[in-house]
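Worksheet: the structure to be examined is printed underneath.
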Amino acid sequence: MKDLEIFTCGEIVVKVKKGDITEEDCDAIVNPANSLMIMGGGVAGAIKRKGGAEIEKEARKYAPVSVGEAVVTGAGRLKARCVIHAPTMERPAMSISVGHVKKAARAAFKVACHSRVSCIAFPALGAGVGGVPVRESVKAIIEAMKEVDFSKCPIREVRLVAWREKDYLEMVEVCREQLGVKS
């Protein structure tokens, strides 16, 4: 079974990967945060465990961060250069709508563009405790990506990273539908 599919969106390379987002060697990984910047469970908890508590400590200095905004912190012991914390919910463990995912993705792209990020990795935002289906999350991330003016932004590669095989296959399917045949 393959664990990497490559697509394009204009000049941007979109890689769909099966793996651990905390192991991504790229400029930035996106944390689907809560507005309070408490990194308890899910992707946030994994980032904190692998990268160190200093990531949460730095992020908490910015709290509260509204859904639709994002902040960037160091990445501690992660391979990534930084973590972009894009809240998908106001409080930890809230159910959310796909609208929250799109706002978070837009905010993550905006902060990445201003932070000289050329490669950014996303999990399926809001697909854990937020309750948004992976398929809807990925559609929202792609819609947000299509709104970015990449001529004014250094991003050249977007990664969608899935922990589970089922989620990876859904990400690939959505990318085929939204971006066309893989390159």
Complete set of residues in the stretch 162-173 that are under 16 Å from the mean Cα position of the chain (by Cα), part of a helix (DSSP H, G or I) and either aliphatic (A, V, I, L, M) or closer than 13 Å to Cys9 by Cβ (or both): Met171, Val172
Ile84, sole failed condition from (1) buried (at least 22 other Cβ atoms within 10 Å of the Cβ); (2) of a type in the set (A, V, I, L, M); (3) over 30 Å from Gly180 (Cβ atoms): (3)
Neighbours by Cβ (under 6 Å, 6+ apart or cross-chain): first from the stretch 127-155, basic (Lys, Arg); second modelled with pLDDT of 95 or more: Arg135/Glu170; Arg135/Val174; Lys139/Val174
Matching residues in the stretch 135-161 - criterion: being within 15 Å of Lys102 (Cα to Cα) and outside any helix (DSSP H, G or I): Glu147, Val148, Leu160
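The values are calculated or read from the model by the stated rules, or taken from the named source; none is laboratory data. Bear in mind that the values here come from a model prediction, so they are computed numbers and not experimental data. Glycine also receives a Cβ, built like all others from the backbone with ideal geometry; neighbour counts cover every protein chain displayed.
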